[in-house]
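Here the structure comes first, spelled out in structure tokens, and everything after it is commentary.
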Amino acid sequence: MKLVKLIANLGYGSRKDVAAMFREGRITDPQGEVLYADDKVPFDAIRVDEKPLDPPAGMTLMLHKPVGYTCSTKDPGRVIYDLLPPRFRARSPSLSSVGRLDRDTSGLLLMTDDGALLHRIVSPKAKLAKVYEATLAQDLTGSEAALFASGTMMLETETTPLAPAALEVHDPRHAALTLTEGRYHQVRRMFAAVGNHVEALHRSRIGGLGLADLAAGKWRLLDAGDLETLFGANA
Ligand code: URA
């Protein structure tokens, strides 16, 4: 790929902007030698304003989504892209979230520009477990776990029953719910269906991958090892 297109696709600017950056001598090799738009150089040997390029296409990251951010590019309020370098919003192929978390849900969110990987993660066939920590408005009654695990639970407006889900009760107002599917507002709707209300919701795990010590609002790139951890036994 031509350098102008490659750098523009990483979100550094339009092709016109990047062409201007070449003319201004802002694109160099690691020794500071100015590069020209028709040079043939390896990706790792390109610097913009003396800094290495952002990761090439095929980028996957995890974000610790805080409450109050929407998984959208267009919402007028706070969006997850506000937590990433501004260039990431302008990349091509575009970086999208793997599924969504509600504005009021915090926790582990994956983002990728790799469509095949995205489908592999969200595909019902993958049956990747997603663990949600819920804080509830009412005490649990003790009957929820059996219903959630039954494989016959129906939510209003849905035409097929929910796949079995595992509920681990920590105390009467706190429980972890493990899902292998991702229906709209599923956790909140499941607790609403049993007369409860989710006051706070946090996703702590997808497959074998957790947030570890990643603080709210922070992100990190995933490598091949992380993806193996993600798919675990499903790899
Ligand atoms: N279930 C919900 O209700 N909300 C989320 O954000 C994720 C799962």
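Rolling a 1.4 Å probe over the heavy atoms of the protein chains gives the stretch 55-130 an accessible area of 47 Å² per residue. Taking a ≥ b ≥ c as the square roots of the Cα gyration tensor eigenvalues, with a/c under 1.5 meaning rounded and otherwise prolate when a/b beats b/c, else oblate, which class fits the stretch 75-141? Cα axes put the stretch 75-141 in the oblate bin. On the basis of the beta-carbon distance and an R0 of 30 Å, Lys125 and Lys51 show a calculated FRET efficiency of 0.15.
The stretch between Thr135 and Arg15 holds 38.4 nm of extra length on full extension. This uses 0.36 nm per residue minus the Cα-Cα distance.
Between the stretch 205-229 and the stretch 24-98, how far is it from one alpha carbon centroid to the other, in angstrom? Spelled out, the Cα-based centre of one part sits 19 Å from the other.
Rounded to the nearest 500, the 222 nm mean residue ellipticity of the chain from helices alone is -5000 deg cm²/dmol, with -39,500 (n - 2.57) taken per DSSP H run of at least 4 residues.
Sorting the segments 101-114, 156-169 by their residues' average number of neighbouring beta-carbon atoms within 10 angstrom, most packed first, yields 101-114, 156-169. For Thr60, the residues whose modelled amide H falls within less than 5 Å of its own, excluding neighbours fewer than 5 places apart on the same chain, are Leu222. Amide H contacts under 5 Å for Ala129: Gly207, restricted to partners 5 or more places along the chain or on a different chain, H placed in the peptide plane at 1.01 Å from N. Springs between Cα atoms under 10 Å define the GNM used for the chain, and in it the highest mean-square fluctuation of Ala90, Ala216, Ala116 occurs at Ala116. Determine the shape class of the stretch 107-218: with a ≥ b ≥ c the square roots of the Cα gyration tensor eigenvalues, call it rounded for a/c under 1.5, and otherwise prolate if a/b is greater than b/c, oblate otherwise. Taking the square roots of the gyration eigenvalues as a ≥ b ≥ c, the stretch 107-218 is oblate.
Close amide H contacts of Gly210 (hydrogens built in the peptide plane, cut-off under 5 Å, sequence separation of 5 or more or a different chain): none are found. Of the trypsin sites (Lys or Arg not before Pro) in the stretch 19-98, the ones in a loop by DSSP (not H, G, I, E or B) with at most 16 other beta carbons within 10 Å are Arg26, Lys40, Lys74, Arg78. Surface composition of the stretch 73-112: carbon and sulfur make up 45 percent of the accessible area, probe 1.4 Å. Fully extending the segment from Tyr184 to Glu228 would add 13.1 nm, taking 0.36 nm per residue of separation and subtracting the current Cα-Cα distance. Applied to the stretch 205-214, the Karplus parametrisation 6.51 cos²θ - 1.76 cosθ + 1.60 on θ = phi - 60° returns per-residue 3J(HN,Hα) values of 7, 10, x, x, 9, x, 7, 6, 9, 6 Hz, with x for Gly and Pro.
Over all distinct Cα-Cα pairs of the chain, the Kirkwood formula returns a hydrodynamic radius of 20.0 Å.
The values are calculated or read from the model by the stated rules, or taken from the named source; none is laboratory data. Just so you know, these numbers come straight off a predicted model, no measurement behind them. Note that we place each Cβ from the backbone using ideal geometry, even for glycine, and neighbour counts take in every protein chain shown. Quick note on the areas: whole protein, heavy atoms, side chains included, nothing else; ligands and nucleic acids left out. Shrake-Rupley method; radii C 1.70, N 1.55, O 1.52, S 1.80 Å.
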